[in-house]
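Asker: Got a structure here, written out as structure tokens. Questions coming.
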């Protein structure tokens, strides 16, 4: 397969630091609704421990390295090849063995649903081999791409663009009524750190049971649980900023009962206390909090 040559319009968003090299790119035209970002992550440490909030779905191809993630008593192995994950109920600790490199895409709720057709109430809280939802074709594609990445024949951007173009023709339509629920849910989540569930129910022409079933399918949580998770992740995002404005601090204070409540919720969904979010450890987690999240989707505005 011929490599996709870089589009000069794809300028990278470099989030690298002393620990790792991490570059993001915008998705190709026509895929913005489905893909939030393309990324290339390279990390040369022998052992890497961190947490992942699992807020949005990802498909990544592990080019080199191995690892595992812990979900309660279950350990999911991560090996070279295509990997999928989405919607963690609590932050999942993981350990990577380097040197590590992966290239991949972050999905919007539309993208995960259109590509996998996998309900998140059944496929959340896990790392899985790509073939489980995408068939053996993803293995054949990945094997070829990995070989070219290892030989430096194909750059990180080229590999990401090839993956995006592999995804494009495999996106399936989502029922119109379901698209409406996804769009209204994103809009509702974007109104504040702690939006009332009744506001979502009042904004949709469906029964409470239908709405809760569809939100669970496409987001992996009931509306009430979804609010809790996004409140914690977005509050952590704000608290990790060096120059949090007064408006952001006020928004966080209004969203939680008190400081101890905020600390418990952030620890549950992010794996860290607010004070540790500004520290030197676990640098990748803090970068992932800041970069390319659902703020890129229409209706899901930036807070703070």
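Asker: Return a yes/no flag: does the range 189-197 have any residue that is closer than 20 Å to residue 121 by Cβ, at pLDDT 95 or above and surrounded by 21 or more Cβ atoms within 10 Å (Cβ to Cβ).
Answerer: No, that holds for no residue.
Asker: For the range 249-279: of the residues being assigned to a loop (DSSP other than H, G, I, E, B) and surrounded by 13 or more Cβ atoms within 10 Å (Cβ to Cβ), which is modelled with the highest pLDDT?
Answerer: Among residues in the range 249-279 that are assigned to a loop (DSSP other than H, G, I, E, B) and surrounded by 13 or more Cβ atoms within 10 Å (Cβ to Cβ), the one modelled with the highest pLDDT is 256.
This table checks each residue for (1) surrounded by 18 or more Cβ atoms within 10 Å (Cβ to Cβ); (2) in contact (Cβ under 8 Å) with a residue 12 or more places away in the chain; (3) on the phi < 0 side of the Ramachandran plot; (4) touching a helix residue (DSSP H, G or I) at 6+ places or on another chain (Cβ under 9 Å).
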{"site": "28", "(1), (2), (3), (4)": "yes, yes, yes, yes"}
{"site": "36", "(1), (2), (3), (4)": "yes, yes, yes, yes"}
{"site": "45", "(1), (2), (3), (4)": "no, yes, yes, no"}
{"site": "49", "(1), (2), (3), (4)": "no, yes, yes, no"}
{"site": "65", "(1), (2), (3), (4)": "yes, yes, no, no"}
{"site": "69", "(1), (2), (3), (4)": "yes, yes, yes, no"}
{"site": "79", "(1), (2), (3), (4)": "no, yes, yes, no"}
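Asker: Within 15 Å of residue 113 (Cβ to Cβ), surrounded by 13 or more Cβ atoms within 10 Å (Cβ to Cβ) and not assigned by TED's automatic domain parsing to the domain that holds residue 256: is that true of residue 134 in this structure?
Answerer: yes
Asker: Any chance the range 153-174 includes a residue that's assigned by TED's automatic domain parsing to the domain that holds residue 114, surrounded by fewer than 18 Cβ atoms within 10 Å (Cβ to Cβ), over 30 Å from residue 235 (Cβ atoms) and touching a strand residue (DSSP E or B) at 6+ places or on another chain (Cβ under 9 Å)?
Answerer: yes
Asker: Tell me yes or no: at least one residue of the range 130-145 is assigned to a loop (DSSP other than H, G, I, E, B) and in contact with a strand residue (DSSP E or B) (Cβ under 9 Å, 6 or more places away or on another chain).
Answerer: yes
Asker: Does residue 188 satisfy being in a helix (DSSP H, G or I) and not assigned by TED's automatic domain parsing to the domain that holds residue 86?
Answerer: yes
Asker: Let me ask something additional. Every residue in the range 204-221 that is surrounded by 14 or more Cβ atoms within 10 Å (Cβ to Cβ) and outside any helix (DSSP H, G or I), please.
Answerer: 204, 206, 220, 221
Asker: Still on this model: How many residues are assigned to a helix (DSSP H, G or I) and farther than 17 Å from residue 265 by Cβ if we restrict to the range 191-203?
Answerer: 5
Asker: Something else about it: Considering only the range 226-248, state which residues are in a helix (DSSP H, G or I) and either in contact (Cβ under 8 Å) with a residue 40 or more places away in the chain or on the phi > 0 side of the Ramachandran plot (or both).
Answerer: Passing the criteria: 226, 228, 229, 230, 233, 234, 235, 236, 237, 238, 247, 248.
The values are calculated or read from the model by the stated rules, or taken from the named source; none is laboratory data. Given the structure is predicted, the values throughout are model-derived calculations rather than measurements. FYI the Cβ positions are ideal-geometry reconstructions off the backbone, even for glycines, and counts take in every protein chain you see.
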